Structure formats: structure tokens, C-alpha cells
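Throughout, read-outs are computed from the coordinates displayed, never taken from laboratory work. These numbers were taken from a predicted model, which means no experiment stands behind them. FYI the Cβ positions are ideal-geometry reconstructions off the backbone, even for glycines, and counts take in every protein chain you see.
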Amino acid sequence: MQITASRGQHILAARGFSRTLREGQTVSIPAFASIDLHLAGSLFSASACDLLLDDAAVDLRTVMKVGATAPKVEYLRELISGTVFHHPHQEWNARVMASALQTTPDRIRTALFRQGAAFTQICRTQRLMRALFESIQSNLSVADLKARIGWADSRDLEASFYDWFGVTLQTVSRLREDSL
């Protein structure tokens, strides 16, 4: 992903470090990296930034099989994240992913545990991320959005979205409409 400050200045925080992103500057963020982006505008001096996303789908057939050695499972979390993000409507669980990678669900869970991750949380996070991108790109009802991202959680999507991003789906919709 690339972030370009198109108006005003912003604060970008990643891995405990912060940097100022001034108007016209661009920064590249690796896939699935966790960042905080603070828009430093005000009511009379709005700030804006452009996000450029690389939407290349992950192909499970080209990935090395999950084995017992560290190099082979090093990117398992990223692989699962990308797969769920690009195909959120599908039913994902450790058994389905293990079948696609020609391994066992226990090996998937163990490898993720070593990386400090959990399969269910990865799926939930990627579906929420997809909900954000879908709601930015198109005007969908919450029911349509839930179907599109495969949201089967018993919790309300709107509440989970707000808990994760700190903004409502309605706010994202207004931002999209304002930018058109």
C-alpha cells in the first residue's frame, strides 16, 4: 500500500515509531503491516491523503507446502491473511486451509501459534478490513456488505467495525460521498 499526503500533514505510526508525512510525500507500507495514520486537519483546514492498494490475489497453488521447517511457514500468517482478504465470502477454517496447503489443521494452528496469531482472529480481521475497503469503494447496505464479506459472526457487523476502526460504517459512507 502507498500513502500520499495530498493536503496537509499527517502522522504515521508503525512499530512504536512515528513520522510526519508532509504534503506531497509518499510512503510505502508492506502488505498486512499494522499502522496508525492520524490526519492532522481541522474544520477550516481539512487534510487529505490518497491510498493506493495493490489488489493482487494470492494463489495458494504457487505457495510452498507447510512443513516442519521455519522457512516454509514463515509467511503463513500473511498467506492466510491475503487469501481471506481476497476471498472473504468463502467459509474459512483451519481444515479448509490445511486442505488447500496439503497439510493438517494442527500444523496450521501450531505454526500460527508460533507466530503469535490465531486462525479465527486472522479471518475476522481480514473480513473487517475487506468491509472497510468495500464500504469505501461502493454504496452497499449492511446486509449486502455482510454477505459480500462472509460475515457470520453473531455480533453485529456495525458494532465490530466501530470497535476495530473507531468509526462507523455511516461515517465511511459519508467520507466516500464527500470525495465523489
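When exposed loop sites are taken as trypsin sites (Lys or Arg not before Pro) in a DSSP loop with at most 12 other Cβ atoms within 10 Å, the longest stretch of the chain clear of them is 66-154. On the principal axes of its alpha carbon atoms, the chain extends 56, 36, 25 Å, with the longest extent given first.
Compared with the alpha-carbon gap, the fully stretched path from ASP144 to LEU53 is longer by 30.5 nm at 0.36 nm per residue. For the stretch 1-39 versus the stretch 119-180, the spacing of their alpha-carbon centroids is 22 Å.
Counted residue by residue at 0.36 nm each, then reduced by the alpha carbon distance between them, the extension gain from SER45 to LEU175 reaches 45.2 nm. Using Cβ point charges alone (K and R +1, D and E -1), the dipole size of the chain about the Cα centre works out to roughly 600 debye.
Computed from the Cβ-Cβ distance with R0 of 30 Å, the FRET efficiency linking ASP106 to ASP153 stands at 0.80.
Relative to the longest principal axis of the Cα atoms of the chain, helix 119-137 runs at roughly 40 degrees.
Normalise the Debye intensity by I(0) for the stretch 2-52, one equal point scatterer per Cα, no solvent, then take log10 at q = 0.20, 0.24, 0.31 Å⁻¹ and round to two decimals. The Debye formula, applied to the Cα set alone, gives -0.64, -0.88, -1.27.
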